[in-house]
Amino acid sequence: MNVALDRPGHPPQRPAAPQPARPARAPRRGRAGRVGARWHPAAALLLGIAWALVAHAPASWVADAVARLSGERLLLCDARGEWRDGVARVVLSAGPDGRDSSVLPGVLHWHVGLRQLWRGVLDLSLRWPQTSETALRWRARAGIGSWSLTQISPAQWHANVAAILLQGLGTPWNTIAPRGLVRVGLDALRLSSAAGRLQLQGRLRVDAMNMSSRLSTLSPLGSYRVDIVGQGPTTQVHLSTLDGALRLAGDGVWNGNRLTFSGTARAAPQQRQSLATLLGLLGQPEGDHVRIAL
């Protein structure tokens, strides 16, 4: 065994102190890294600009969408403001190939709330003072291949319009030329669509009061009610007469794609002669009444 001894007269040799390790040099950032560092602020700027453009898009966006979805039968004309807060005049039209149209009274105000947009939900508020004293609030929800529109408040909403305005829809309204008052009522209504099937829940009621027509010298003809009651997959339609010489009645079913309806129209015995022309236009004669079928 070899043992190293210190020589006499010389101090013992101490081992050299360890040198501190140099810090590792950070790897040089490549070109891709530099581009990425510049891209993040640019992407944020582009997204901000895109959001600003969408958030302040004109009200004409809404008008174009309504015209397209309604087949140009419901138009928002002279739309002003932004798509989230706008006003427009409402026009009923006979469609792209029709010549008839009618302008409803006043202007429609709308507001779209975006607070729940991240959940695919929009809140829609409609005000139309010339037809209803109460604003109507809806909640729209969109999904993959489906959508829904739910009445939020009030639970029961009513509006009034003049029946003569229906002539703007063209045939057969321009032939019948109805006169009177139409009252529309919504009761906890919900519309939804999935796989191309439109479903309704709640109640939609239309009362046509003190109606008359240029096809008959008798005025008024009567008052009528259409009740549309949704129960999900099927929707029931019921037509009844509240009063008057022209008696209308019938029932129908909406299955999500198609409406089937069967009804009758008859005149009070003392008014058959004055209502003969109008009855002939409503359906196929069967004894003392005419059959209405859709």
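Some points to look at:
- Restricting LEU75, LEU108, LEU69 to those that are touching a helix residue (DSSP H, G or I) at 6+ places or on another chain (Cβ under 9 Å), of a type in the set (A, V, I, L, M) and not assigned by TED's automatic domain parsing to the domain that holds THR175 reduces the list to LEU75.
- Residue identified as more than 29 Å from LEU282 (Cβ to Cβ) and among the aliphatic types (A, V, I, L, M) among ALA142, ALA208, ALA163: ALA142
- Subset of segment 105-152 (residues that are part of a strand (DSSP E or B), at pLDDT below 95 and among the polar types (S, T, N, Q)): SER146, SER148
- Being in a loop (DSSP other than H, G, I, E, B) and either assigned by TED's automatic domain parsing to the domain that holds ALA159 or under 24 Å from LEU181 (Cβ atoms) (or both) holds for only one residue in GLY252, GLY256, GLY230, and it is GLY256.
- Residue count for segment 70-98, restricted to those that are part of a loop (DSSP other than H, G, I, E, B) and touching a residue at least 40 places away in the same chain (Cβ under 8 Å): 4
- Here ARG127 does not fit the description of being touching a helix residue (DSSP H, G or I) at 6+ places or on another chain (Cβ under 8 Å), of a type outside the set (S, T, N, Q) and either outside the structural domain of ARG68 (by TED's automatic domain parsing) or within 27 Å of ARG225 (Cβ to Cβ) (or both).
- Residue match in segment 182-199 (condition: assigned to a loop (DSSP other than H, G, I, E, B) and either assigned by TED's automatic domain parsing to the domain that holds LEU126 or without any contact (Cβ under 8 Å) to a residue 60 or more places away in the chain (or both)): yes
- Test: residue in segment 208-230 that is at pLDDT 95 or above, crowded, with 16+ Cβ neighbours inside 10 Å and of a type in the set (Phe, Trp, Tyr): yes
The values are calculated or read from the model by the stated rules, or taken from the named source; none is laboratory data. Only a predicted model underlies this, so the values are computations on that prediction, with no experimental measurement involved. For neighbour counting, all protein chains shown are included, and Cβ atoms are generated from backbone atoms with ideal geometry for every residue, glycine included.
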